[in-house]
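Everything below concerns the one structure shown next.
The values are calculated or read from the model by the stated rules, or taken from the named source; none is laboratory data. These figures come from a predicted structure and were not determined experimentally. Quick reminder, even Gly has a Cβ in these numbers, built from the backbone with ideal geometry, and neighbours come from all protein chains shown.
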Amino acid sequence: MQTSQPQNPSLLYDIIILGASGFTGKYVVKEALKFLNTPASPLKNLAIAGRSHEKLVKTLQWAAHPSPLPPSVSIITADTTDPPSLLSLCTQTKVLLNCVGPFRIHGEPVVAACASSGCDYLDISGEPEFMERMEAKYHEEAVETGSLVVSACGFDSIPAEMGFMFNSRQWVAPAVPNHVDAYVSLESDKRIVGNFATYESAVLGVANMDKLREFRRSRPKRPRPVIPGPPPSRGPMIEHQEKIGLRAVKLPSADAVVVQRTLVTLIENPHGLPGVNESVEHTEKREAFWSSVKPAHFGVKIGSKSLLGIYRIIGVGMFIGLLGRISFGRWLLLKFPSFFSLGWFRKRGPSEDEVRSASFKMWFVGYGFSDSSLASQANSKPDMQIITRVMGPEIGYVTTPIVLLQCALILLSQRESLPKGGAFTPGVVFGPHLQERLQENGISFDLISKCALPA
Ligand SMILES: NC(=O)c1ccc[n+]([C@@H]2O[C@H](COP(=O)([O-])OP(=O)(O)OC[C@H]3O[C@@H](n4cnc5c(N)ncnc54)[C@H](OP(=O)(O)O)[C@@H]3O)[C@@H](O)[C@H]2O)c1
């Protein structure tokens, strides 16, 4: 094991994981080790980085267990408050995976360092304000330097993005989708628990909602996708989706916003983003993929099999939504996370058993028209429904590391097929490449049903 700053400044890692000692970071390291120096894997050199050398050694021991410490993984100290340490990381790696959150507090210096140095950047942020600000501020520079800056490469928002695309691709002409509603259902024999930083990110998101609105107002208006048929009606606050056996309420996650940003990018680039040096074969694959993705309205709800489960979700939403707006309320929320989240978030995170026993299902219920010509008729109503499902292991510390690593491996193995640089959503960068890889790594995509709707 090499320790501290590598002496050779020209040493190039394939991946550096920043924030590796964090709750999510350590699971990301564990996932990365599965691909390190295995046959056919492009991951040959790995380093982990963070503030504390001692914590990073412990992380590596935990992640490698029961194997001994991998000799080929380097440990580098870096701090997001120390820009030169970040620039040094960027000059040593092809891809930087950022697991230091909340991103609104810690993320910008890392994006700035990657965008200026040209190394590729992926993170697991689920914070729309951070993502949109970074895109606005660093996109041009990243295009120039050839740095791909892609946020939301975790459970937020890859299952939603890939699941939306999977559903939209089931609509074969002349059929067209109108809206797709996603329903997330978390399952476990044990308690479902998340780590404090995710809860903190959500609380800070509520506190800064006005800033996000103001920021969006200050940005130039971008065209919206043209979607066949009228927009869907709002529906009841608590919806009962009998076909999938869930009651559900709106989930104010980043997912819908990220999908929307992907659809907006596709208006300007209907065949996706050309690779920096892509082969003819890849151009054909990319164009075929994107011509099968159709725009639709998209929303996400969180579901529960029981009404009591829904009341708990509403209760936590009200605590965070109301108390998160005032500073004393935020102090209370952050001081007593377990109490105000009714046990869903803990300062010390879930146990390994709790992580192992959890899983998710994300249902995509798509509504549309069996013939696109029906969409433009007066009082048109969708006459067709397609249900698809994405399913996988625990969301925060198993699915998130899987999807983050797969995105990184695509960067390492197919960089020429991807855009030169710029800040984009994960769907638009990784869309044509990702589903198959996720399926090979425990995340399934299934078509559940296609049927006509009663008039
Ligand atoms: N997209 C998703 O679905 C998803 C899933 C899971 C997590 N997340 C997000 O990921 C983020 C991290 O969550 P977590 O639970 O892993 O948090 P955590 O356990 O608190 O870990 C935070 C990490 O950041 C490091 N760090 C903090 N300040 C730093 C600084 N100034 N310089 C360098 N490193 C610094 C910490 O280092 P020390 O060890 O030295 O304190 C630690 O390694 C959160 O924003 C969370 O919302 C997203």
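Would the stretch 222-245 turn up any residue that is touching a Gly at 6+ places or on another chain (Cβ under 8 Å), closer than 24 Å to E187 by Cβ, crowded, with 16+ Cβ neighbours inside 10 Å and of a type outside the set (S, T, N, Q)? Yes, that holds for at least one residue. Pairs meeting the criteria (first residue in the stretch 426-443 and closer than 15 Å to A152 by Cβ, second residue of a type in the set (F, W, Y) and in a helix (DSSP H, G or I), beta carbons under 7 Å, at least 6 apart or on different chains) are G431/F289. Working only within the stretch 362-390, note down all residues that are surrounded by fewer than 19 Cβ atoms within 10 Å (Cβ to Cβ) and either touching a Lys or Arg at 6+ places or on another chain (Cβ under 6 Å) or in a strand (DSSP E or B) (or both). Scanning the stretch 362-390 gives a single hit, Q385.
For the stretch 51-76, the set of residues classified as of a type outside the set (A, V, I, L, M), in contact (Cβ under 8 Å) with a residue 40 or more places away in the chain and buried (at least 17 other Cβ atoms within 10 Å of the Cβ) consists of S74 only.
Taking the stretch 102-191 and the helices (runs of 4 or more DSSP H) fully enclosed by it, the elements with 1 or more residues that are in the same structural domain as L204 (by TED's automatic domain parsing) are at 158-168. Taking residues in the stretch 296-312 that are closer than 15 Å to W344 by Cβ, and partners anywhere that are in a helix (DSSP H, G or I), the pairs with Cβ atoms closer than 6 Å and at least 6 places apart or on different chains are I302/I313; S304/I310.
For the criterion of being out of contact with any helix residue (DSSP H, G or I) (no Cβ under 9 Å at 6 or more places or on another chain), more than 9 Å from the ligand (Cβ to nearest atom) and in the same structural domain as M391 (by TED's automatic domain parsing), S72 fails. Entry remark, the stretch 396-455: residues being within 24 Å of N269 (Cα to Cα) and assigned to a strand (DSSP E or B) number 3 in total. Annotation note: Cβ proximity below 7 Å between a residue of the stretch 132-152 that is on the phi < 0 side of the Ramachandran plot and a residue that is basic (K, R) and surrounded by fewer than 17 Cβ atoms within 10 Å (Cβ to Cβ) (sequence gap 6+ or interchain) occurs for A136/R219.
Inspect all residues belonging to the stretch 218-230 and state whether any of them is in the same structural domain as L405 (by TED's automatic domain parsing) and at positive phi. Yes, the stretch 218-230 contains a residue that is in the same structural domain as L405 (by TED's automatic domain parsing) and at positive phi.
Quick check on V280: is it modelled with pLDDT of 95 or more and in contact with a helix residue (DSSP H, G or I) (Cβ under 9 Å, 6 or more places away or on another chain)? Here the answer is no, as V280 does not meet what is asked. Which of the residues that make up the stretch 169-183 are crowded, with 24+ Cβ neighbours inside 10 Å and over 21 Å from I302 (Cβ atoms)? Answer for the stretch 169-183, where residues must be crowded, with 24+ Cβ neighbours inside 10 Å and over 21 Å from I302 (Cβ atoms): W171, V176, P177, N178.
Taking the criterion of being in a loop (DSSP other than H, G, I, E, B), small (G, A, S) and within 9 Å of the ligand (Cβ to nearest atom), the only residue of the stretch 35-56 that qualifies is S52.
Yes or no: T81 touching a Lys or Arg at 6+ places or on another chain (Cβ under 7 Å), free of Cβ contacts under 8 Å to residues at least 40 places away in the same chain and within 14 Å of the ligand (Cβ to nearest atom)? When the stated conditions are applied, T81 does not pass them. For the stretch 385-407, indicate whether the set of residues that are farther than 30 Å from C119 by Cβ and touching a Cys at 6+ places or on another chain (Cβ under 7 Å) is non-empty. Yes, some residue in the stretch 385-407 is farther than 30 Å from C119 by Cβ and touching a Cys at 6+ places or on another chain (Cβ under 7 Å). Residue-level analysis places D123 among those that are charged (D, E, K, R) and either touching a Phe, Trp or Tyr at 6+ places or on another chain (Cβ under 7 Å) or more than 11 Å from the ligand (Cβ to nearest atom) (or both).
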